[in-house]
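The values are calculated or read from the model by the stated rules, or taken from the named source; none is laboratory data. Keep in mind that this is a model prediction, so the values were computed, not measured. Positions of Cβ are backbone-derived with ideal geometry, glycine not excepted, and every protein chain shown enters the neighbour counts. The accessibility values were calculated without ligands, DNA or RNA, using every heavy atom of the protein model including side chains. Shrake-Rupley method; radii C 1.70, N 1.55, O 1.52, S 1.80 Å.
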Amino acid sequence: MIETVTRKRIEILTDKALQKRVTDAIEKAGIIGWTVLPVSSGKGREGVWREESVMGTDKVFVLTIASEENAQALAEALAPMLTNFGFLLSMWDVQVIRGERFT
């Protein structure tokens, strides 16, 4: 049987213009890797929105998987930006193979 390890999966929805701040925070928290995915539209409290490259309000999802300790460090680092910039951060437990790759 393949052994799995519990890690935290973290997804951050942010404006593309703030992507570097998020990925810098990920690396500063000691997390090795991340992936950025484009987001074309969605709906929230303020209604439906669509990507607006011309207006500079296009969004991205930044995805990473980390240890509990590094995930908490990242959440603490991003907490002020969540309110100031309206980020959405979600985090939950996932099972991964080769857990040493996700610190």
Among Leu37, Leu18, Leu74, whose Cα sits farthest toward the positive end of the charge dipole of the chain (+1 at Cβ of Lys/Arg, -1 at Cβ of Asp/Glu, about the Cα centre)?
Leu37
For the chain, the accessible surface attributable to carbon and sulfur atoms (probe 1.4 angstrom, ligands and nucleic acids excluded) amounts in percent to 53
With the 1.4 Å probe rolled over protein heavy atoms, the chain has an accessible area per residue in Å² of 66
Taking K and R as +1 and D and E as -1, what net charge do the other residues with C-beta under 15 Å from the C-beta of Thr103 add up to?
+2
How much net charge surrounds Leu82 when only the other residues with a Cβ under 15 Å from the Cβ of Leu82 are counted, with Lys and Arg +1 and Asp and Glu -1?
0
For the chain, the longest principal axis of the Cα atoms and the Cα long axis of helix 19-28 enclose an angle in degrees, to the nearest 10, of 20
Would you mind working out the magnitude of the charge dipole of the chain relative to its Cα centre, with +1 at each Lys and Arg C-beta and -1 at each Asp and Glu C-beta, to the nearest 20 Debye?
180
Semi-axes of the equivalent ellipsoid for the chain, Cα gyration tensor, largest first, Å
27, 15, 12
